[in-house]
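A.B. asks: Next up is a structure, given as structure tokens.
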Amino acid sequence: MPNAIFVEPGQFEGHRHWYDKALNATIHPMVNYFLNLSRDRIVNRYCHLHPMVSAEYLHELLNYSCKYFQWAGADLINVTSAGGKRQMVVIENNSCPSGQKSMPLLDDHKEQGSYRLLIERTFKPMLSKKRTPVKGDLAVIYDKNPMEASGYAEVIADVFGEKVWYASFHQDAQDPGVRFTEGVLEVRDDAGEWHPIRAAFRYVTQRPWSRIPLHTKTRILNPTVACLAGGRNKMVAAKAYDFFNGKLEGSGLKINVPQTIMDVSKNEIPLYVAQFGGQAVIKVPYSNAGQGVFTIVSEQELEEFMDMDFTYDRFIVQSLIGNYQWSSISSAGRLYHVGTIPNSKGNTFVADLRMMISSTKEGLLPLCVYARRAAKPLENEISEGKASWDMLGTNLSIKNEDGTWGSDTNRLLLMDRRDFNKLGIGLDDMIEAYIQTVLSTVAIDEMAKTLINKQGRFRMRLFRSLNDDEALLNEILV
């Protein structure tokens, strides 16, 4: 019976909300420079390197104001082709992403870092745009990552100058201290009393639609529709990217994604893996934290996958980006990882980049960046019996035996003076990662707007046509 606790202004302590290795890290000058670049300079540079892109149109996209998907974090990989064409590829874009605890401070005198930036730029303006329909307190609700969730609670208390409820809301909790009553979020204190919440900052990431209704009177960042539209739903995200790329046709801009086949039943998977040359990535569309993603490079790995049982009926199959010798043959040709700079043993590791942004009155602005590397080095050839995930999987989340979540911080690469150089990326790569993050975020927000009708109600029939998975549909709270 976990109950909410309240956080008072003045409680923020940095050591509780950053990894030890990030707490005293010094930001790399190039990352600092990128995060302080003006919008005009970013657009001018990008259009100089991509002369087919309209500067006016790119400005318009970067100045986009999200209606639903206001806080996002894209995972990108730096890839190249045999001809040497490098690009940043979007693996997924996440609603309510992690990242603050891994980001060195830009300014040592601003000890709340980009925690405060997100609250001041995005959460606070969300409440001031129009009157909130509920009288009550503020809250942070979460189901993992208490290091960051509690940091947000303490910063919100400071920014608003009032107490903030901090409440866990786990997927399988028997008697959670969070509930919804006629669309109003309420939290329970230790005395058993329920308190109405006028606005909540959400760090609920595991199937949030199963606990948080689509329609609430309490303002929530991010609302559930952002997750169903692609922020936590890889199936609809893939369709959102397709639709938005159609809209971008002729602009010189495009969301770079692996070749993706959607709405695949389990029995069809071996056919599509064969189509990709025997190497592919299979995804359960509604999982996160590295769960539900399977890299397939051998018959053995495919057989192991086919022997598993799953709750959901539909899957995504994507082209696999590995080493040149064992990447998928896709419509874009054979792409492979640039990887980290070789270490002293000559080993190169797969690494991805997380770019977190939020919607502000000045458009979509970057908040923080970090990188993660795989556990094992990238090999030229796959030895029989070796798990490809060890070479390709970068997510740091670890599910402990007691059901809680931890992180393998040994594989965390900070944007500091030491780690950043290992990534082998430059300023133009950072700019491209930012633009790819913006494009994928806008695509999902546009999808979310399409899924809400003029009366503000969720278009369930349209959603079913996009994602006809009965197991998922039965989970959604309207």
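A.B. asks: Out of all the residues in the range 426-451, which are under 21 Å from PRO285 (Cβ atoms) and surrounded by fewer than 19 Cβ atoms within 10 Å (Cβ to Cβ)?
C.D. replies: As a first pass, look at the range 426-451 and keep what is under 21 Å from PRO285 (Cβ atoms): 436-437, 439-451.
Of everything in the range 426-451, those that are under 21 Å from PRO285 (Cβ atoms) and surrounded by fewer than 19 Cβ atoms within 10 Å (Cβ to Cβ) turn out to be LYS449, THR450.
A.B. asks: Quick one: how many residues across the range 90-105 are within 9 Å of the chain's Cα centre (by Cα) and hydrophobic (A, V, I, L, M, F, W, C)? Working first, answer last.
C.D. replies: Initial filter on the range 90-105 (within 9 Å of the chain's Cα centre (by Cα)): 92-98.
Going one step further and asking which of them are hydrophobic (A, V, I, L, M, F, W, C), we end up with 96.
Going through the range 90-105 one residue at a time, the tally reaches 1.
A.B. asks: Does LEU353 qualify as being within 21 Å of ASN78 (Cα to Cα), at pLDDT 95 or above and buried (at least 23 other Cβ atoms within 10 Å of the Cβ)? Give the derivation first.
C.D. replies: Values: within 21 Å of ASN78 (Cα to Cα): yes; at pLDDT 95 or above: yes; buried (at least 23 other Cβ atoms within 10 Å of the Cβ): yes.
Against the criterion (within 21 Å of ASN78 (Cα to Cα), at pLDDT 95 or above and buried (at least 23 other Cβ atoms within 10 Å of the Cβ)), LEU353 qualifies.
A.B. asks: Would you confirm whether or not the range 118-138 contains a residue that is of a type in the set (Gly, Ala, Ser) and in a strand (DSSP E or B)?
C.D. replies: Initially, the range 118-138 is screened for residues of a type in the set (Gly, Ala, Ser), giving 128, 136.
From the residues that got through so far, the ones that are in a strand (DSSP E or B) too are none.
Within the range 118-138, not a single residue is of a type in the set (Gly, Ala, Ser) and in a strand (DSSP E or B).
A.B. asks: Could you grab me the full set of residues in the range 70-87 that are assigned to a loop (DSSP other than H, G, I, E, B) and among the small types (Gly, Ala, Ser)?
C.D. replies: Just the residues of the range 70-87 that are assigned to a loop (DSSP other than H, G, I, E, B), to begin with: 70, 82-86.
Of everything in the range 70-87, those that are assigned to a loop (DSSP other than H, G, I, E, B) and among the small types (Gly, Ala, Ser) turn out to be ALA82, GLY83, GLY84.
A.B. asks: Just checking: which of the helices (runs of 4 or more DSSP H) contained wholly in the range 1-69 hold 1 or more residues that are in contact (Cβ under 8 Å) with a residue 60 or more places away in the chain and of a type in the set (Val, Ile, Thr)?
C.D. replies: On the way: elements: 20-23, 29-35, 39-49, 55-62.
The helices (runs of 4 or more DSSP H) meeting that bar are 29-35, 39-49.
A.B. asks: Cβ contacts < 9 Å: first residue under 23 Å from ARG411 (Cβ atoms) and free of Cβ contacts under 8 Å to residues at least 24 places away in the same chain, restricted to the range 353-368; second residue small (Gly, Ala, Ser) and assigned to a strand (DSSP E or B), any location; separation 6+ or different chain. Result?
C.D. replies: Taking only residues 6 or more apart or on different chains, not a single pair turns up.
A.B. asks: Are there any pairs, at least 6 apart or on different chains, whose C-beta atoms fall under 8 Å, with the first in the range 101-113 and on the phi > 0 side of the Ramachandran plot and outside any loop (DSSP other than H, G, I, E, B) and the second buried (at least 19 other Cβ atoms within 10 Å of the Cβ) and among the aliphatic types (A, V, I, L, M), and if so, which?
C.D. replies: Cβ pairs passing all conditions: GLY113/MET103; GLY113/LEU105.
A.B. asks: Select, from GLN455, GLN436, the only residue that is out of contact with any Leu (no Cβ under 8 Å at 6 or more places or on another chain) and either over 25 Å from GLN206 (Cβ atoms) or part of a strand (DSSP E or B) (or both).
C.D. replies: GLN455
A.B. asks: Go through the range 458-478 and report how many residues are part of a helix (DSSP H, G or I) and buried (at least 19 other Cβ atoms within 10 Å of the Cβ).
C.D. replies: Step one: filter the range 458-478 for residues part of a helix (DSSP H, G or I), giving 460-466, 470-473.
Okay, now just the ones that are also buried (at least 19 other Cβ atoms within 10 Å of the Cβ), so 463, 466, 472.
Result for the range 458-478: 3.
A.B. asks: Quickly run through the range 133-175 and pick out the residues that are surrounded by fewer than 19 Cβ atoms within 10 Å (Cβ to Cβ) and under 22 Å from ASN395 (Cβ atoms).
C.D. replies: Scanning the range 133-175 gives PRO146, MET147, HIS170, GLN171, ASP172.
A.B. asks: Mind listing whichever residues of the range 265-288 are more than 21 Å from the chain's Cα centre (by Cα) and surrounded by 20 or more Cβ atoms within 10 Å (Cβ to Cβ)? Spell out the reasoning first.
C.D. replies: Here is the first cut: in the range 265-288, the residues more than 21 Å from the chain's Cα centre (by Cα) are 265-280.
If the condition is that a residue be more than 21 Å from the chain's Cα centre (by Cα) and surrounded by 20 or more Cβ atoms within 10 Å (Cβ to Cβ), then ILE269, VAL273, PHE276, GLN279, ALA280 are the ones that fit.
A.B. asks: Here's another thing I want to ask about it. Of the residues in the range 88-100, how many are assigned to a loop (DSSP other than H, G, I, E, B) and hydroxyl-bearing (Ser, Thr, Tyr)? Can you show your working first?
C.D. replies: Within the range 88-100, the first condition is being assigned to a loop (DSSP other than H, G, I, E, B), and the residues that meet it are 96-99.
Retained after the next criterion (residues that are hydroxyl-bearing (Ser, Thr, Tyr)): 98.
Total meeting the criteria: 1.
The values are calculated or read from the model by the stated rules, or taken from the named source; none is laboratory data. This one's a predicted model, so the numbers in the text were calculated from it and none came from an experiment. Neighbour counts are summed over all protein chains in view; Cβ atoms, including those assigned to glycine, are modelled from backbone coordinates with ideal geometry.
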